[in-house]
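Participant: Sharing a structure below in structure tokens format, with a few things to ask.
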Amino acid sequence: MPKQNKCTRQSRDAIKKRWKQVEISNETLLLQDNELSDAEPSNIINKSHFDTFWIEGEETRFDSDEITQLLQELQPNVLKQLVENAKRSHAWVEKSRGPVYKGDAQSTLRNKKAYLRKAALGSKKITDMFPTSEVANDDPIFDDIYDSDNENDNEFTLKSLDLLLKKKKDDLRLRTVSQFLHLVQDQGFTKIDASNFLAQSLNKGPWHARLIRSWAIQWLNNGMIISSKCGCHAKIRSLLLNEDLKLQVNEYLRIHKFKLNVADFVKFVEDEVIPALGIEEKTSISYSTARKWLHILGWEYKDHSKNIYFDGHEREDVVADRHRFLEQWAELRKRMATYEGENLNQIILPILPHGVPEIVPVTHDESVFYANDDVVKAWGPADESRLRRKSQGLSIHVSDFLCESIGRLQLSEEDCATNNLLPDGERLVYTEACVTMYPGTNRDGWWTNKDVVKQVKERAIPIFEYTHPGKVALFMFDNSCNHNAFADDALMVSRMNMKDGGKQPLLRNGIMPDGSPHAMTFTDVNGVVKPKGIRRVLEERGLWIPGLKRKCHACTQHDPDPNKLDCCATRILSVQPDFASQKMHIQEVSCD
Ligand SMILES: [Zn+2]
């Protein structure tokens with residue numbers, strides 16, 4: 001016997017345990033039955049009792065004989081009740097779904113039609129807008145054939161039908177309708193009987209009988225019978241049925257697995273397959289045909305990306321932030337130039353009061369390009385997945401600025417030439433704002449907030465000032481955590497300790513409540529400059545309350561009471577104007 005693994009052993013134990021429970025519950029079940037018959041001889045079935053019966057007995061080793069026996073032991077009227085209940089199937093269904101209203105009651109349809117008529121009142125018909133040409137129709141139209149001088153004869157009757165039938169002897173429908181009308185008018189058949197009789201004579205059923213009646217109505221109302229277009233359409237044999245073609249196509253697909261481009265595939269079929277096989281009826285296939293072929297051959301256009309994307313666009317705080325952004329933007333937009341025309345080369349400058357400079361929006365973005373960057377979606381066999389290389393390979397990081405006025409933020413060739421002639425000190429060091437780097441531990445390191453700040457400071461701002469004299473740049477950065485960083489010496493309570501000194505950064509000067517500068521550092525007895533702690537800063541501002549904690553529980557949970565501004569030392573200091581107005585590093589650099 002093979003060695004049992006853990007899973008099998010556990011299952012066996014579970015089964016044994018279950019059997020034991022079942023045996024106990026059987027005993028209780030029988031007990032309960034006795035109780036029932038003893039205590040309530042004329043009994044009414046107790047629902048909870050049945051629940052016990054079914055739930056506990058469900059997986060036991062009762063066979064049907066045992067159940068029958070048990071049932072026999074019950075009171076006769078209990079059995080009767082059971083049988084009655086079984087007949088009324090709904091008695092067992094507690095949550096059955098009622099019939100669903102489909103909205104097709106006569107009155108509803110009438111109301112709907114009336115509503116539509118009212119809505120369309122006074123509007124033009126669609127045929128007024130599009131000229132309609134008379135539809136050429138092969139259907140037997142009475143007017144074409146039956147020439148009568150007397151207009152009163154121009155009725156679509158049995159007589160006229162028979163006249164028409166003399167000219168169109170082979171028309172099966174006309175003949176059937178004629179027979180139908182003869183049966184009704186001459187033989188006294190009801191319409192239903194006549195149509196059924198005719199349908200049966202053609203070995204057809206009730207549906208065909210109904211069809212005959214509808215033909216007769218068509219004839220009597222319109223003098224024509226609309227014929228089915230079934231079988232009238234051109235039959236096209238798919239090229240794919242050609243085995244040689246299929247072979248060639250499959251071979252091509254195998255080679256181009258996951259690199260397949262529908263346009264190339266169509267070109268291959270046009271240039272190679274069709275001429276090679278000498279197919280004459282077709283010279284090309286459409287893109288949609290190509291896609292259909294791919295599906296028929298079992299290929300799918302599939303996503304190989306493993307990325308998960310969460311859409312947070314409608315989150316409450318995001319929506320609020322978007323509103324704030326749009327309001328700000330609408331205000332600043334008035335000070336920006338607009339670009340119109342097909343090539344956006346008509347510049348409409350804003351009309352501004354004297355001394356108010358024009359604003360030029362400058363957008364920034366970063367992107368990383370990997371050596372193994374690939375098409376994410378590709379055509380491939382339905383049952384195969386593409387093996388993606390685990391590593392994306394070496395990468396290049398590009399960070400650049402764009403503006404409407406000059407495109408990429410850089411000096412033009414002319415400007416470069418002029419710049420080169422300038423003496424040292426006046427000459428721009430960088431002529432383009434774009435920075436590319438090769439991220440990696442043994443390469444250029446990693447792109448951080450400091451790099452962005454450096455790029456803004458050393459490249460973007462000087463180049464903007466060179467290319468847009470007298471204008472103000474509105475730098476726009478996306479919400480990357482890299483851009484949300486603060487300067488090393490920023491006034492951030494979270495970076496401070498309660499006590500002086502220790503491992504905390506040396507912060508820049510703050511502002512005292514009276515407006516004078518407030519140093520965040522002190523020099524100790526040994527002449528070493530050390531950072532002040534939160535307590536000392538608060539004491540110097542006269543805000544210290546004895547017994548204050550560094551940070552209270554609510555503040556730790558990022559859920560402070562908005563009305564209680566002195567819950568802890570951190571809170572008191574962080575709402576001080578100089579700390580509260582601390583901007584992010586990138587903002588500080590851009591605004592200077
Ligand atoms: Zn607090």
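The values are calculated or read from the model by the stated rules, or taken from the named source; none is laboratory data. Please read these numbers as outputs of a predicted model, since none were measured by experiment. Cβ atoms come from the backbone with ideal geometry, glycine included; neighbour counts cover every protein chain shown.
Participant: Among (1) modelled with pLDDT of 85 or more; (2) surrounded by fewer than 16 Cβ atoms within 10 Å (Cβ to Cβ); (3) within 15 Å of TRP215 (Cβ to Cβ), which single condition is LYS168 missing?
Facilitator: All conditions pass for LYS168, except number (1).
Participant: Name the residue, out of GLU272, GLU280, that is assigned by TED's automatic domain parsing to the domain that holds LEU253, surrounded by 10 or more Cβ atoms within 10 Å (Cβ to Cβ) and at pLDDT below 90.
Facilitator: GLU272
Participant: Ok, one more. Residues of the stretch 361-374 being surrounded by 12 or more Cβ atoms within 10 Å (Cβ to Cβ) and modelled with pLDDT under 75, which ones?
Facilitator: The answer is ASN372, ASP374.
Participant: Across the stretch 516-560, what is the number of residues that are free of Cβ contacts under 8 Å to residues at least 12 places away in the same chain and within 10 Å of the ligand (Cβ to nearest atom)?
Facilitator: Residues in the stretch 516-560 being free of Cβ contacts under 8 Å to residues at least 12 places away in the same chain and within 10 Å of the ligand (Cβ to nearest atom): 5 in total.
Participant: Collect the residues in the stretch 283-314 that are closer than 29 Å to ASN372 by Cβ and modelled with pLDDT of 85 or more, keeping them in residue-number order.
Facilitator: TYR287, ALA290, ARG291, LEU294, HIS295, LEU297
Participant: Of all residues in the stretch 579-592 being outside any loop (DSSP other than H, G, I, E, B) and in contact (Cβ under 8 Å) with a residue 12 or more places away in the chain, which is nearest to the ligand (Cβ to nearest atom)? Spell out the reasoning first.
Facilitator: The first filter runs over the stretch 579-592 and keeps only residues outside any loop (DSSP other than H, G, I, E, B), leaving 579-580, 585-591.
Next, from what is left, pick out any that are in contact (Cβ under 8 Å) with a residue 12 or more places away in the chain: 579, 585-586, 588-590.
Numbers: PHE579: 14, HIS585: 26, ILE586: 28, GLU588: 27, VAL589: 31, SER590: 32 Å.
Ranking the candidates gives PHE579 first.
Participant: Find the strands (runs of 3 or more DSSP E) located wholly in the stretch 426-539 whose residues include 2 or more that are farther than 30 Å from ILE406 by Cβ, and list them. Working first, answer last.
Facilitator: On the way: elements: 435-437, 472-476, 521-523, 529-531.
Passing ranges, in order: 521-523, 529-531.
Participant: While we're on this one: May I ask you to verify whether ALA487 is under 30 Å from GLN455 (Cα atoms) and within 16 Å of the ligand (Cβ to nearest atom)?
Facilitator: no
Participant: Tally up the residues in the stretch 392-405 that are at pLDDT 90 or above and either among the polar types (S, T, N, Q) or in a loop (DSSP other than H, G, I, E, B) (or both), please.
Facilitator: Summing the residues that are at pLDDT 90 or above and either among the polar types (S, T, N, Q) or in a loop (DSSP other than H, G, I, E, B) (or both) in the stretch 392-405 gives 1.
Participant: Given the residues GLY445, GLY393, which is the only one that is more than 14 Å from HIS364 (Cα to Cα) and free of Cβ contacts under 8 Å to residues at least 12 places away in the same chain?
Facilitator: GLY445
Participant: Residues that are away from the ligand (no atom under 16 Å from the Cβ) and in contact (Cβ under 8 Å) with a residue 24 or more places away in the chain: does the stretch 565-578 have at least one?
Facilitator: Within the stretch 565-578, one or more residues are away from the ligand (no atom under 16 Å from the Cβ) and in contact (Cβ under 8 Å) with a residue 24 or more places away in the chain.
Participant: Now a separate question. Six or more apart or on different chains, Cβ under 6 Å: which pairs go from a residue in the stretch 397-412 that's in contact (Cβ under 8 Å) with a residue 12 or more places away in the chain to one that's outside any strand (DSSP E or B) and of a type in the set (Ser, Thr, Tyr)? Could you list them?
Facilitator: ILE406/THR467; LEU411/THR431
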